[in-house]
Amino acid sequence: MTSGSRLDDLAVLGGAPEFTEVLHVGRPNVGDRRALFERLEQVLDRRWLTNDGPQVREFEARIQDLLGVRHCVATSSGTAGIQVAVRALGITGEVVVPSWTFVATAHALRWLNIDPVFCDVAPDTHNVDVASMEAAIGSRVSAILAVHLWGRPAPIVALEELAARRGIHLILDAAHAFGCSYRGRMVGGFGDAEVFSFHATKFVNSVEGGAVTTNDDALADELRLARNFGFTDYDATGAVGTNAKMNEFSAAMGNTSLDGLTSVVAENRRCHEDYRGALSALPGLRVLEYAGNESFNFQYTVVEVDPAATGISRDDLYAVLWAENVRARRYFRPGCHRLEPYRSELAHAAVMLPNTEHLSDTVLCLPTGPSVTTDAARRVCAVIELAIAHGPELSDRLTHDASRMASLAVGTQR
Ligand code: T4K
């Protein structure tokens, strides 16, 4: 798009897409291939492919150092990490979680026959609203599980105080928050345990993988047993365990990814600022800020769309972007409480989560990371600017235009 572009130039109305190559939110960072292949050669030469191998140990030790935490226990995914943490802490009954998170946070619990109880988030930070969380603590609740959403730390001091006062556990889902800090301390050492994800779409990735970090020595022992079938020796188990081990190929990728951490954060930040510079001048858009003297990974650029001020709904803007081959995502619509099985189970309960409902209708995550150049970010912003400049007319035309429905249908596919 250029300054002279007209509404009809938008692909959703029949124009040519702005991008021939699709832009993704979670484009993986591959890192230095030579370093990766060298590590993989070593893995193959050693014929030690999984189960507490040297690559995994190196990955864990580097994370302990980076985060200043006593223990890092690498797992096969972030979801598996939540599950081994929950089991190792002996959590049962119910756990209070924000509904505004990736569904894995809730599913990890339900998979263990623990009921998630959903609470609301604060509208300004998107992180858990501590008062709403406390109000949801009933007699069956044995833990609270908060999320550092978008890599912006949850209100940890208030959560630690709440958990201590109610005599329950605190787990922090840090899937988005590797490399982020809270009051000058790296995320990873708070609560009973914190859980990271190193899925391919995360800025540090091990293809699939996760880790539980803790300063509790006894808990770390339990975690190590739990991820490896509960084995205490070759022929003995101490408790029920599962298979949540990280393999050596994943750890090799994770170590290679850690090598490039600083430059990826710098690129994420550059991309975030490219977007923020252009979008904060537009009416009705709020770009979530990474403010203050903390470390952030700038992994997500999150925009709230106010339809009254822009003249266009979030969903229409989403359709516009997808038509241009910009695969923005509506994370974490519609909120866990509106996803199955929770939705049906809660059908007759009065679940009041107004902030989650509001965010579910207004949030859009834009493609970010090193693969989104300054020029690409500028062109994405130009599309958004054009759409907003003609907001009411565009909305009106899309309402009557079948191509909008087609592009929204594409938006539900992988
Ligand atoms: N807690 C929270 C708060 C989380 O956000 C997550 C995961 C977890 C817990 C659980 O951690 P893990 O068990 O996953 O380690 C993605 C990721 O699968 C998921 O890890 C992540 N959060 C979530 C926020 O995003 P999807 O369903 O959107 O992923 P997918 O496969 O559609 O990929 C996203 C985009 O990335 C696509 O547009 C295409 C692109 N992509 C994806 C892959 C896998 C690529 O370009 N290359 C790839 O290899 O959930």
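The values are calculated or read from the model by the stated rules, or taken from the named source; none is laboratory data. What you see is a predicted model; the values in this text were computed from it and never measured. Here the Cβ positions follow ideal geometry from the backbone for every residue, glycine too, while neighbour counts run over all protein chains shown. Surface areas here come from the heavy atoms of the whole protein model, side chains and all, with no ligands, DNA or RNA. Shrake-Rupley method; radii C 1.70, N 1.55, O 1.52, S 1.80 Å.
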- [ ] Please give the FRET efficiency for ALA239 paired with ARG62, using the beta carbon to beta carbon distance and R0 = 30 Å, rounded to the nearest 0.05.
- [x] 0.55
TODO: Considering the options PRO155, LEU223, PRO116, tell which one lies farthest towards the positive end of the dipole of the chain, charges being +1 on Lys and Arg and -1 on Asp and Glu at the Cβ, about the Cα centre.
DONE: LEU223
TODO: Pull out the extension gain between GLU393 and THR373, defined as 0.36 nm times the separation in residues minus the alpha carbon to alpha carbon distance; nm, one decimal.
DONE: 4.1 nm
Task: Interchain or long-range residues, amide H under 5 Å from ASP129's placed H - done: ASP120, VAL121, ALA122
Task: Neighbourhood charge, 13 Å Cβ-Cβ cut-off, centred on GLY335 and excluding it, Lys, Arg +1 and Asp, Glu -1 - done: 0
Task: Label-point separation, THR20 to ARG47 (7 Å along Cα→Cβ), nm - done: 4.9 nm
Open item on the list: Under the 0.36 nm per residue contour assumption, what length would be gained going from the current alpha-carbon distance of LEU7 and PHE229 to full extension?
Closed with: 74.0 nm
TODO: With a bin width of 10 angstrom, please list the P(r) values of segment 17-63 as percents of all Cα-Cα pairs, from the 0 bin to the one holding the largest distance.
DONE: 21, 35, 23, 15, 7
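Provide the percentage of antiparallel DSSP beta bridges, counting only those with both residues in segment 68-146; round to the nearest 5.
Details: 1 of 9 bridges.
Rounded to the nearest five, the antiparallel share is 10 percent.
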Open item on the list: Apply the Karplus curve 6.51 cos²θ - 1.76 cosθ + 1.60, θ = phi - 60°, to the phi angles in segment 380-389 and return the couplings in whole Hz, x for Gly and Pro.
Closed with: 4, 5, 5, 5, 4, 4, 5, 4, 6, 4
- [ ] For ALA308 paired with ARG34, estimate the spin-label separation in nm (one decimal), with each label point 7 Å from Cα along the Cα-to-Cβ line.
- [x] 5.8 nm
Task: As computed over segment 108-205, the Cα convex hull volume per residue (Å³) - done: 106 Å³
Task: Cα Rg, Dmax, the chain, angstrom units - done: 22.1, 74
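Trypsin sites (Lys or Arg not before Pro) within segment 179-216: which are DSSP loop residues with at most 15 other Cβ atoms inside 10 Å?
When the trypsin sites (Lys or Arg not before Pro) of segment 179-216 are filtered for loop state and at most 15 Cβ neighbours within 10 Å, ARG183 remain.
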Task: For THR232, distant residues with modelled amide H under 5 Å away - done: THR237, GLY238
- [ ] Find the Rg to Rh ratio for segment 33-259, where Rh is the Kirkwood radius over alpha-carbon pairs and Rg uses the same atoms.
- [x] 0.98
Open item on the list: With a 1.4 Å probe and all protein chains left in place, how much of the accessible area of the chain comes from carbon and sulfur atoms, in whole percent?
Closed with: 51 percent
Task: Under 5 Å, built H, 5+ apart or other chain: amide partners of VAL117 - done: VAL95, VAL96, VAL97
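Whole number in Å², please: accessible area per residue of the chain, 1.4 Å probe, ligands, DNA and RNA not counted.
Working: 17970 Å² over 414 residues.
Per residue, the chain has an accessible area of 43 Å².
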TODO: Quick one: what are the phi-derived ³J(HN,Hα) couplings along segment 27-43, Karplus 6.51/-1.76/1.60 with θ = phi - 60°, whole Hz, x for glycine and proline?
DONE: 4, x, 8, 8, x, 7, 4, 4, 5, 5, 5, 4, 4, 5, 4, 4, 4
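Could you tell me what percent of the DSSP beta bridges with both partners in the chain are antiparallel, to the nearest 5?
Values: 25 of 43 bridges.
The antiparallel fraction comes to roughly 60 percent.
Looking only at segment 33-259, where both bridge partners belong to it, what percent of the DSSP beta bridges are antiparallel (to the nearest 5)? Kindly include the intermediate steps, with their values, before the conclusion.
Values: 17 of 33 bridges.
Roughly 50 percent of the DSSP beta bridges within segment 33-259 come out antiparallel.
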Open item on the list: Given R₀ = 22 Å, what would the calculated FRET efficiency be for ASP124 paired with ASN293, taking r from the Cβ atoms and rounding to 0.05?
Closed with: 0.75
